[in-house]
Amino acid sequence: MVNSLQIIGIEKIYDGIKVLESISLDIVTGIVISLVGVNGSGKTTLLRIISGLEIPTKGSILSKNSKLRAQDLRQISTMVFQKSVMFNENVYDNIAFGLKIRGFTKEEIDEKVSKALDLVQLNGFENRKAKKLSGGEQQRVALARAFVIEPEILLLDEPTANLDPSNAIVIERVIKDLGERNSCIIILATHNLHQARRLSNEIVHMHSGRILEIADPEQFFKHPSTTITKKFINGDLQF
Amino acid sequence: MLETIIEAFSKAIGLILSGDPEILSIAFRSICISGFATLLSCIWGLPIAIIIGLSSFRGKRLVRSFFNAMLGIPTVALGLILYLLLSKSGPLGIFRLLYTPLGISIGQALLITPILVSFAGSALESTDVDIRDLAKTLGASNIQTNFKIIDEAIWGITLSIIASFNRAFAELGIAMMIGGNIRYATRVLTTSIALETARGEIAFSIALGLILMAVVFSITFLINFLRRG
């Protein structure tokens, strides 16, 4: 079980362009961290590195003082993408995929899938083709598919972007529930400052691949320490 | 002219409905030869498509370009090359494959391999990125991820196999040059249509042509039906 995660000096270079620079963070289980920042600030790249989908050019991620490789990270984390990706199967099989890989029995899978669907308010959707659901419903399936495997790190990349309010409310409620259980680290990348305020214990402001500010929501909104963060909060940041 | 065509069509349908043994044997032989050709091309073509579709390696673009370029190879040109290779005095003459059904199958398999590799490879590549990330982030190993991608691309791969079979089934050049259109031995639907048309047996040609199209359409419709189901 990962109780904490230390991200130390992460740097990522794509085609000679530095997209992340000197990223360091200490995260403990049971808190929800929001990564906020304008497009291109490096939020998604950081999430992909923490999820083990990308390998950093420099730096490392540690847990209990031991370095986690990409394949270790993939075993303990899971990510919900901004654009929901569905397997060409029904909702049940989509949610059951990660459980089957982990060797759960049919009965266990049935029970977990049913509970997960209950939580995202999609009871009775088991046999529906996942790709034929609406965008909001697909994102709820994606969220259920992610938390059903009980990851130690749950990474959410703009999970409510482009969704109608009713779907966004369901997703936010699930994130809040998961956060209150204190069972995993939740890192949420979002453009939505109100959402970050509602859901997180800590807000990380990223800009041009760097971390500018880390603070609890109250401190972050009332007393931002940098001019760029102030401008970002006030919506005055040009990008 | 129109009356002649209508008369030929009604004769053709009569021939099919009467179960003319020669027509049936030609149709059956065609299906067997092209079916075996498709099987052969799957044996060597699908692994190539999977490698191209699922991995990155030096020279991948070159390999893909080669198969794309081979899509347009004229069947008579390939037939001629194979004829020279398989003829008695050719380097592969010792295998005695010229004028045999197996010879036609091998020729057709070579002809359709680029179709299979290009289409199946593209189906896998277009599935790859998002599904790969998704499977990995749900904890799948590299092998499990690759199996999942193949599973997701299965209809694209199936369609590439069907397209390959249809191409083999409807080609003339290789069947004529390698098979020699020998009655009761290597005569298939396309070579038979060419011969009967040249002989003025239009009704017989139309009957064979109808069977040819019926087989192609039936398989394609069946696959589409199964996909929807």
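The values are calculated or read from the model by the stated rules, or taken from the named source; none is laboratory data. For clarity, every value in this text was computed on a predicted model and none was experimentally measured. No Cβ is skipped: glycine too gets one built from the backbone with ideal geometry, and neighbour counts run over all protein chains shown.
Things to note:
- Scan of the stretch A:39-56 for residues that are surrounded by fewer than 16 Cβ atoms within 10 Å (Cβ to Cβ) and in contact (Cβ under 8 Å) with a residue 60 or more places away in the chain, ordered by number: A:39, A:40
- Looking only at residues of the stretch A:76-97 that are touching a strand residue (DSSP E or B) at 6+ places or on another chain (Cβ under 7 Å) and within 11 Å of chain B (Cβ to nearest Cβ), we find that the one that is farthest from residue A:162 (Cα to Cα) is A:76.
- Residue B:52 out of contact with any Ser or Thr (no Cβ under 6 Å at 6 or more places or on another chain) and surrounded by fewer than 19 Cβ atoms within 10 Å (Cβ to Cβ): no
- Scanning the stretch B:118-155 for residues that are under 27 Å from the mean Cα position of the chain (by Cα) and facing chain A (nearest Cβ under 7 Å) yields a total of 1.
- In the stretch A:98-112, the residues that are over 19 Å from residue A:159 (Cβ atoms) and either surrounded by 22 or more Cβ atoms within 10 Å (Cβ to Cβ) or within 10 Å of another protein chain (Cβ to nearest Cβ) (or both): A:99, A:100, A:101, A:102
- Any hit, the stretch B:189-203, residues being within 14 Å of another protein chain (Cβ to nearest Cβ) and either within 25 Å of residue B:80 (Cβ to Cβ) or surrounded by fewer than 20 Cβ atoms within 10 Å (Cβ to Cβ) (or both): no
- Lone qualifier among B:123, B:175, B:163, B:168 - being assigned to a helix (DSSP H, G or I), within 29 Å of residue B:62 (Cα to Cα) and in contact with a Ser or Thr (Cβ under 6 Å, 6 or more places away or on another chain): B:168
- Elements of the type helices (runs of 4 or more DSSP H) sitting completely within the stretch A:76-192 and holding at least 2 residues that are farther than 30 Å from residue B:156 by Cβ, free of Cβ contacts under 8 Å to residues at least 24 places away in the same chain and over 13 Å from the mean Cα position of the chain (by Cα): these cover A:106-119, A:165-180.
- Test: residue in the stretch A:38-45 that is touching a strand residue (DSSP E or B) at 6+ places or on another chain (Cβ under 6 Å), on the phi < 0 side of the Ramachandran plot and within 14 Å of another protein chain (Cβ to nearest Cβ): yes
- Within the stretch A:47-75, tally of residues that are away from every other protein chain (no Cβ under 11 Å) and under 15 Å from the mean Cα position of the chain (by Cα): 1
- Options A:158, A:172; residue that is out of contact with any helix residue (DSSP H, G or I) (no Cβ under 6 Å at 6 or more places or on another chain), buried (at least 16 other Cβ atoms within 10 Å of the Cβ) and at positive phi: A:158
- Identity of the residue in the stretch A:64-97, under 20 Å from residue A:45 (Cβ atoms) and of a type in the set (Gly, Ala, Ser), that ends up surrounded by the fewest Cβ atoms within 10 Å (Cβ to Cβ): A:70
- The stretch B:198-228, residues that are in contact (Cβ under 8 Å) with a residue 40 or more places away in the chain and either farther than 19 Å from residue B:20 by Cβ or outside any helix (DSSP H, G or I) (or both): B:216, B:219, B:220, B:223, B:227
- Taken together, the criteria place residue A:31 among residues that are away from chain B (no Cβ under 11 Å), out of contact with any His (no Cβ under 7 Å at 6 or more places or on another chain), surrounded by fewer than 19 Cβ atoms within 10 Å (Cβ to Cβ) and touching a residue at least 60 places away in the same chain (Cβ under 8 Å).
- Criterion (over 25 Å from residue B:206 (Cα atoms) and in contact with a helix residue (DSSP H, G or I) (Cβ under 6 Å, 6 or more places away or on another chain)) met by exactly one of B:38, B:75: B:38
- Single condition residue B:75 does not satisfy, out of (1) surrounded by fewer than 20 Cβ atoms within 10 Å (Cβ to Cβ); (2) on the phi < 0 side of the Ramachandran plot: (1)
- Residue A:218 vs. criteria more than 17 Å from residue A:237 (Cβ to Cβ) and either in a strand (DSSP E or B) or among the acidic types (Asp, Glu) (or both): yes
- Filtering the stretch A:203-225 for residues that are in contact with a Pro (Cβ under 9 Å, 6 or more places away or on another chain), modelled with pLDDT of 95 or more, more than 25 Å from residue A:84 (Cβ to Cβ) and small (Gly, Ala, Ser) leaves a non-empty set.
- In the stretch B:79-92, the count of residues that are within 14 Å of chain A (Cβ to nearest Cβ) and crowded, with 18+ Cβ neighbours inside 10 Å is zero.
- Meets criteria (within 14 Å of chain B (Cβ to nearest Cβ), surrounded by fewer than 23 Cβ atoms within 10 Å (Cβ to Cβ) and not β-branched (Val, Ile, Thr)) for residue A:145: no
- Counting the residues of the stretch B:134-168 that are more than 23 Å from residue A:49 (Cβ to Cβ) and of a type in the set (Gly, Ala, Ser) gives 6.
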